[in-house]
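Comments concern the structure below.
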There are 2 protein chains.
Amino acid sequence: MKKVGVAILGLGVVGGGTYRILLEHREFYQRTQGLDLTVESVLEPDEGKIAALGIDRAIVASNIAEVVCNPDVQIIVECIGGEGVARDYVLAALYAGKTVVTSNKLLYAKHSDELERAARQHHAGLQLEASCMGGVPIVRTLLNGLQANVVGSMMGIVNGTTNYILSKMTEEGAAYEEALAQARQLGYAEADPESDLEGFDSVYKLSILASLAFHTKVPADRILREGLSKVSKDAIGCAKQLGYVIKLLAVGKQTKQGIEVRVHPAFVPKEHPLAGVGGCYNAIFLHGDSVGDVMLYGEGAGALPTGSAMVSDIIYAANHYENISSSRISVEEKPKLVTDFCSAYFLRLELRDAAEGLSKVTAQFAKRGISVKKLSRVGADGKRILLVTEEVQESVLFGALEKLRESGIAETDMRLRAVS
Amino acid sequence: MKKVGVAILGLGVVGGGTYRILLEHREFYQRTQGLDLTVESVLEPDEGKIAALGIDRAIVASNIAEVVCNPDVQIIVECIGGEGVARDYVLAALYAGKTVVTSNKLLYAKHSDELERAARQHHAGLQLEASCMGGVPIVRTLLNGLQANVVGSMMGIVNGTTNYILSKMTEEGAAYEEALAQARQLGYAEADPESDLEGFDSVYKLSILASLAFHTKVPADRILREGLSKVSKDAIGCAKQLGYVIKLLAVGKQTKQGIEVRVHPAFVPKEHPLAGVGGCYNAIFLHGDSVGDVMLYGEGAGALPTGSAMVSDIIYAANHYENISSSRISVEEKPKLVTDFCSAYFLRLELRDAAEGLSKVTAQFAKRGISVKKLSRVGADGKRILLVTEEVQESVLFGALEKLRESGIAETDMRLRAVS
């Protein structure tokens, strides 16, 4: 039986979950994988966390050098988070030729070039399934399951906190603050939830997933980011009325024009497979030129789902010699990023004139080739209309709306992207 | 650049799709995978198929020996189907130390022991993603994405033909024969659709998926099989009334009592992620002890989706030296298979007495610990009830129904398993 020693850096939620899974499944992995996986070393400054997991003091390292120089350790699991200490430790591990398994989306999104280079130079493995969407095996799928395909598009619900909040607002009519408070109570939202709510977390994940899918480094800071602040109770009501739900989507597209990457709330038709993804679940819907539409769905966070991704990566690395530089992201080629997106749109318009206004709007739209997919007139005076367009170049749509405003035909008082 | 030669045996739907994908993506795989994949040999008796694909006569082999002895061929793709010639050819390839990539579910389900043994002995790879669920990367996910988990259960819609027929019956109220005729017209149903309709196709796939998930060989002939013949328009109406849809499910469970494997139509609650899987799409919903619920969804058949699985396996095999005996199925251990299943049930009962009957039924159920989850009285005379139970040992439920019949309280006139 192959014996593989694991070290865990950081014993927070994910590190603790990874430790527990390894401990409880040792015999299972011996039997089913032919691997004896043991935790040989941990690095964690918080004595309380070590005690809570019942970890033998003998395997507690006092510094990173002790971990990377331990000859019994072949795989180092990084669960510290952030880009300070975590980056130093991951580089130290790779320099020592150890395989690194990480859940650190921020670190990989920002420093993948440096990390992949270090891994290649020192013949070390680098595995990152746990960095995106918790237990959903999307990284492995992009690398090893759908690699025959040119991926044309991906749309993901990749953040559980915001999906929980939007689900509560949609299903129970909760206000944003109320839903956020509930998410906090259930431990779905961090003490400082800004990274989730404002879309930063989704941006890092999209940076990684788009880079893997499109085989070119898509920098996080080039991704359009809109958080939940645009989503009012009112917007949720409009969506319902038209047969949509609002989801925070991470969207990546690859067309002849270039690559589009954006994170924003969007109207999703009720019949779309992503519309049914509720609570803190995550899902990603993608289109490959050969495979067609594929969706993966599962728990996007938490000790055990993310721990499952960690340990699956550990087993993969232990069973595959070729786990070096497996990401297949070209760093030489700079991607051509498009910012004049092509998207369907939900619009709420206030007409000046109830009788004539609508035909003037549709005439303006027709002139610019903007098709209306759904339309609903609301309110007692007949002046307010809700509509969803087909896909349109954003600059063209915005031009039309500006024209409507200037010529006094209609004011746009709500505007959100939609999935067509 | 690594040069890898591929041979394709059989140029039917899947073989032709695989050929086209390889041809059209050659430059793409050079760039993104560092692989130069070329088709060096094909074996196909039908001249018409060779001509239709525009294949150079120089690479057409006249017999299998020519293919397996070709030093330029490293990977042999089997798209012949069945267990006659296909088995001989696959064994010949493995004996020659060539990696085999196959879409042949029947062959692997029936002969995996022999094939895996041959692969191990001759250091050959054996890849089978395309054998189950077309483009849905479930095999890779079980082997490399969720292997940290003890899989407790899986439920899949693994046959597109039957799902298309059931969707037509549900959505459009079509009769079975009508829906089948449409499926035939669209090429979703084979000339002889018995293997699909009677559940044989699903049984082979479940045999493979359950073997991979539970790490023990689950023989196809030990799987309970019920086809679509039990599903009337009437049954679909009952499902709708109670908030369910009927799907042909492949179910595998692993409990302390043993392994349950069964293919049958089932009531699926409308809110369940599987309920929304329409048309010829496939999906599999599984539960791992760490990861929780995971679902994969995509096109379950067709030249390009299945070709995508084939080519992804080719790339995987070309990039991984360790593709030998990767299935992790124990053949030494015989699985303990349970046949007294535990399942929720839909029942339609005809009460003798409208006034007293229902309380007598629920009293009988309560005595045996059978809980009723949903109940609806239908019909003018109040004698007919539709109900769905919670999960119950089938022998216990059948005993209760027999008792109701014997004592003249109620007759069961429809009975189908349900997902709770």
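The values are calculated or read from the model by the stated rules, or taken from the named source; none is laboratory data. Since this is a predicted model, take the numbers as computed values, not measurements. Ideal geometry is used to build each Cβ from the backbone, glycine not excepted, and the neighbour counts take in all protein chains shown.
Filter segment B:318-339 for residues that are among the hydroxyl-bearing types (Ser, Thr, Tyr) and under 24 Å from residue B:102 (Cα atoms); which is modelled with the lowest pLDDT? By that ranking, first place goes to B:325. Inside segment A:195-248, residues that are over 30 Å from residue A:348 (Cβ atoms) and in a loop (DSSP other than H, G, I, E, B) make up a count of 4.
Within segment B:379-404, work out how many residues are of a type in the set (Lys, Arg) and within 14 Å of residue B:365 (Cβ to Cβ). Even if it seems obvious, please write down each step before you answer.
Here is the first cut: in segment B:379-404, the residues of a type in the set (Lys, Arg) are B:383-384, B:403.
Restricting the remaining residues to those that are within 14 Å of residue B:365 (Cβ to Cβ) gives B:403.
Residues that pass the stated criteria total 1.
Checked against (1) of a type outside the set (A, V, I, L, M, F, W, C); (2) in a loop (DSSP other than H, G, I, E, B); (3) under 30 Å from the mean Cα position of the chain (by Cα), residue A:348 meets all criteria but (2).
Within segment B:368-378, the set of residues being crowded, with 17+ Cβ neighbours inside 10 Å and assigned to a strand (DSSP E or B) comprises B:374 only.
Restricting attention to segment B:184-208, the residues that are in contact (Cβ under 8 Å) with a residue 40 or more places away in the chain and closer than 21 Å to residue B:276 by Cβ add up to 3.
Within segment A:25-45, residues that are outside the structural domain of residue A:93 (by TED's automatic domain parsing) have Cβ atoms under 9 Å from residues that are among the hydrophobic types (A, V, I, L, M, F, W, C) in no pair, counting only partners at least 6 apart in sequence or on another chain.
Here is a yes/no grid of residues against (1) within 13 Å of another protein chain (Cβ to nearest Cβ); (2) closer than 30 Å to residue A:29 by Cβ:
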position	(1), (2)
B:305	yes, no
B:328	yes, yes
B:334	no, yes
B:380	no, no
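Among residues of segment B:144-170 being facing another protein chain (nearest Cβ under 9 Å) and touching a residue at least 24 places away in the same chain (Cβ under 8 Å), the one that is surrounded by the most Cβ atoms within 10 Å (Cβ to Cβ) is B:148. For segment B:26-46, give me each residue that is at the interface with chain A (Cβ under 10 Å from one of its Cβ atoms) and among the charged types (D, E, K, R). Selection gives B:31 alone. State whether one or more residues within segment B:85-103 are over 25 Å from residue B:332 (Cβ atoms), among the aromatic types (Phe, Trp, Tyr) and touching a helix residue (DSSP H, G or I) at 6+ places or on another chain (Cβ under 7 Å). Looking for residues that are over 25 Å from residue B:332 (Cβ atoms), among the aromatic types (Phe, Trp, Tyr) and touching a helix residue (DSSP H, G or I) at 6+ places or on another chain (Cβ under 7 Å), one finds at least one in segment B:85-103, hence yes.
Screening A:67, A:73, A:6 for residues that are in contact with a strand residue (DSSP E or B) (Cβ under 9 Å, 6 or more places away or on another chain), within 14 Å of chain B (Cβ to nearest Cβ) and surrounded by 19 or more Cβ atoms within 10 Å (Cβ to Cβ) leaves exactly one candidate, A:6. Only one of the numbered conditions (1) surrounded by 14 or more Cβ atoms within 10 Å (Cβ to Cβ); (2) not in a helix (DSSP H, G or I) is violated by residue B:381, and that is (1).
Which condition breaks for residue B:314 when tested against (1) more than 9 Å from chain A (Cβ to nearest Cβ); (2) in contact (Cβ under 8 Å) with a residue 24 or more places away in the chain? Here residue B:314 clears every test but (1). Kindly establish whether residue A:312 is outside the structural domain of residue A:23 (by TED's automatic domain parsing), modelled with pLDDT of 95 or more and of a type in the set (S, T, N, Q). Yes; evaluated as a whole, the condition is true for this residue. Which members of segment A:6-49 meet the condition of being within 28 Å of the chain's Cα centre (by Cα) and at positive phi? A:10, the sole residue that qualifies. Whether a residue is in a strand (DSSP E or B), more than 8 Å from every other protein chain (Cβ to nearest Cβ), in contact (Cβ under 8 Å) with a residue 60 or more places away in the chain and under 17 Å from the mean Cα position of the chain (by Cα) was assessed, and residue A:251 passes this test.
Restricted to segment B:288-303, and to residues there that are facing chain A (nearest Cβ under 7 Å) and acidic (Asp, Glu), the residue that is surrounded by the fewest Cβ atoms within 10 Å (Cβ to Cβ) is B:293. In the set (1) on the phi < 0 side of the Ramachandran plot; (2) out of contact with any Cys (no Cβ under 8 Å at 6 or more places or on another chain); (3) surrounded by 20 or more Cβ atoms within 10 Å (Cβ to Cβ), the condition left unmet by residue A:208 is number (2).
Do we have any residue at all in segment B:408-416 that's without any contact (Cβ under 8 Å) to a residue 24 or more places away in the chain and closer than 22 Å to residue B:262 by Cα?
The answer is no; no qualifying residue exists.
Tell me, yes or no, whether segment B:354-367 has at least one residue that is at pLDDT below 95, not acidic (Asp, Glu) and not in a helix (DSSP H, G or I). Among the residues of segment B:354-367, at least one is at pLDDT below 95, not acidic (Asp, Glu) and not in a helix (DSSP H, G or I), which makes the answer yes.
Look at segment A:1-24 and say how many of its residues are without any contact (Cβ under 8 Å) to a residue 12 or more places away in the chain and more than 17 Å from residue B:291 (Cβ to Cβ). Steps first, answer last, please.
Going through segment A:1-24, the residues without any contact (Cβ under 8 Å) to a residue 12 or more places away in the chain turn out to be A:24.
With the extra rule that they be more than 17 Å from residue B:291 (Cβ to Cβ), the set shrinks to none.
Summing the residues that are without any contact (Cβ under 8 Å) to a residue 12 or more places away in the chain and more than 17 Å from residue B:291 (Cβ to Cβ) in segment A:1-24 gives 0.
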